[in-house]
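> This is the structure I want to talk about, given as structure tokens.
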Amino acid sequence: MNLFRGLPIYPEPASENALRYDLLFWTITLLSFFFFVLVGGLALYFVAKYRSGSNVVRSNPMDHHTGLEILWSGIPILLALAVFAWSTNNFVNHQRRMPKDALEVFVIGKRWMWHLQHMNGIRENNELHVPVGTPVKMTMISQDVIHAMYLPDFRAQFHVVPGRYTELHFTPTKVGRFKMLCAMHCGTKHSEMVGFVHVMEKAEFARWLENGGNRNIPVALDMKERGAQVWAEKNCGNCHGDSDNVRGPSLAGLMGSKRQMTDGTTVLADRTYVRDSITAPWRQITQGYRAEMPEYSNLTEPDILALTAFIESLTKPSGEAPADALSPRDKTRPLTSADDNVTDIANKYGKPVVGQQQLGGSRK
Ligand code: HEC
Ligand SMILES: [Cu+2]
């Protein structure tokens, strides 16, 4: 299939998905080539045939032929629609088939480098180590402008945008070193935004992970631990407890659930929703609450990702009688001026507001 074996413009396929894309790529290329030859050939032929001075009949030139027009518009349209349907199907199927058991890697694009982070806390710059034969899922965000994660050997590419998480997945099939590029012109050093994916044997990768990425510095915290740390530093636990209370909704079991907003809409609590809830809480207000959450717009992307990983790990406590002493918010009660000062309410219920981490028990 690979006509350009060995040439860097057409790398050997190295992921499970690559062949499906190659088939489409070659079909489009061959179609284009076929029409190039057909149209170019006919044009040359007629140029030669009707050149000035040639001995051909020029009387009564044909200026219209409906059948021919329908044919040369209709066939290309049908072919183009078929290619459109095929590629859309490829794309949608691939995006939908986000593997559940994938190795999760977080990617932060910034001018001009790739910053990668593994679930266990190992961080890499412009390098990613993954095991062969294992699905890898990238959750990506940009810290500045729009970038695009491009892994040509894996035939994988997706935009990396600020303010929103995008996802990309691939299953490497070959051990080796593969290019990691940025496919979006993102500034002067865009072309230097180059890294490598190191695909390793599974056992070798396990060793690599154990050694903290073969670095001399030990891995300090995994993502959940770092998230718990930020949670404590920012006192999120002052308002978010094991169950809903007057100061804020519980975040236990939040991830992946449907949330009711005050404006009547229902939203799916995915990573982007959680990120928005932290960086711009006023945008969407959870039913039964008011815009009382402070805006945390100066958190770094890695810290937001860590917080999200921590929130994801909060599950609903089983059994009744939540440890939280605050009375649950009666969502049918209209808000009164007494609700204006959360500290007042907290004092009324006799719970200290500062320096308490109510979700401490959920930490691993
Ligand atoms: C002063 C109290 C307060 C603090 C501190 C606070 N929050 Fe909130 N938070 C709220 C309230 C009230 C809401 C519900 C209103 C809204 O949606 O903005 C909320 C909503 C949320 C939601 C959306 C939950 C849902 O029900 O859909 C997330 C996620 C969240 N907060 C995370 C955090 C994190 C992370 C921190 C710490 C960095 C934090 N909050 C600090 C009061 C607080
Ligand atoms: Cu870029």
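Condition check ((1) among the hydrophobic types (A, V, I, L, M, F, W, C); (2) closer than 16 Å to residue 108 by Cβ; (3) more than 14 Å from ligand 2 (Cβ to nearest atom)) across all residues:
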position	(1), (2), (3)
131	no, no, yes
134	no, no, yes
142	no, yes, no
158	yes, yes, no
178	yes, no, yes
204	no, no, yes
226	no, yes, yes
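Matching residues to (1) under 18 Å from the mean Cα position of the chain (by Cα); (2) at pLDDT 90 or above:
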{"site": "84", "(1), (2)": "no, yes"}
{"site": "89", "(1), (2)": "no, yes"}
{"site": "95", "(1), (2)": "yes, no"}
{"site": "100", "(1), (2)": "yes, no"}
{"site": "104", "(1), (2)": "yes, yes"}
{"site": "109", "(1), (2)": "yes, yes"}
{"site": "113", "(1), (2)": "yes, yes"}
{"site": "119", "(1), (2)": "yes, no"}
{"site": "126", "(1), (2)": "yes, yes"}
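> Let me ask something else. Which of the numbered conditions does residue 24 fail, given that it passes all the others? Conditions: (1) loosely packed, with under 10 Cβ neighbours inside 10 Å; (2) under 29 Å from the mean Cα position of the chain (by Cα).
Every condition holds for residue 24 apart from (1).
> For residue 121, all conditions in the list (1) part of a loop (DSSP other than H, G, I, E, B); (2) away from ligand 2 (no atom under 14 Å from the Cβ); (3) surrounded by fewer than 18 Cβ atoms within 10 Å (Cβ to Cβ) hold save one; what is the number of the exception?
Of (1) part of a loop (DSSP other than H, G, I, E, B); (2) away from ligand 2 (no atom under 14 Å from the Cβ); (3) surrounded by fewer than 18 Cβ atoms within 10 Å (Cβ to Cβ), only one is false for residue 121: (3).
> Here's a follow-up. Out of 277, 243, report the one residue that is among the small types (Gly, Ala, Ser) and at pLDDT 90 or above.
Result of the check over 277, 243: 277.
> Let me ask you something else. Can we say residue 221 is in contact (Cβ under 8 Å) with a residue 12 or more places away in the chain, surrounded by 15 or more Cβ atoms within 10 Å (Cβ to Cβ) and of a type in the set (A, V, I, L, M, F, W, C)?
For residue 221, the condition - in contact (Cβ under 8 Å) with a residue 12 or more places away in the chain, surrounded by 15 or more Cβ atoms within 10 Å (Cβ to Cβ) and of a type in the set (A, V, I, L, M, F, W, C) - is not met.
The values are calculated or read from the model by the stated rules, or taken from the named source; none is laboratory data. Please read these numbers as outputs of a predicted model, since none were measured by experiment. Please note: Cβ atoms are built from the backbone with ideal geometry, for glycine as well, and neighbour counts cover all protein chains shown.
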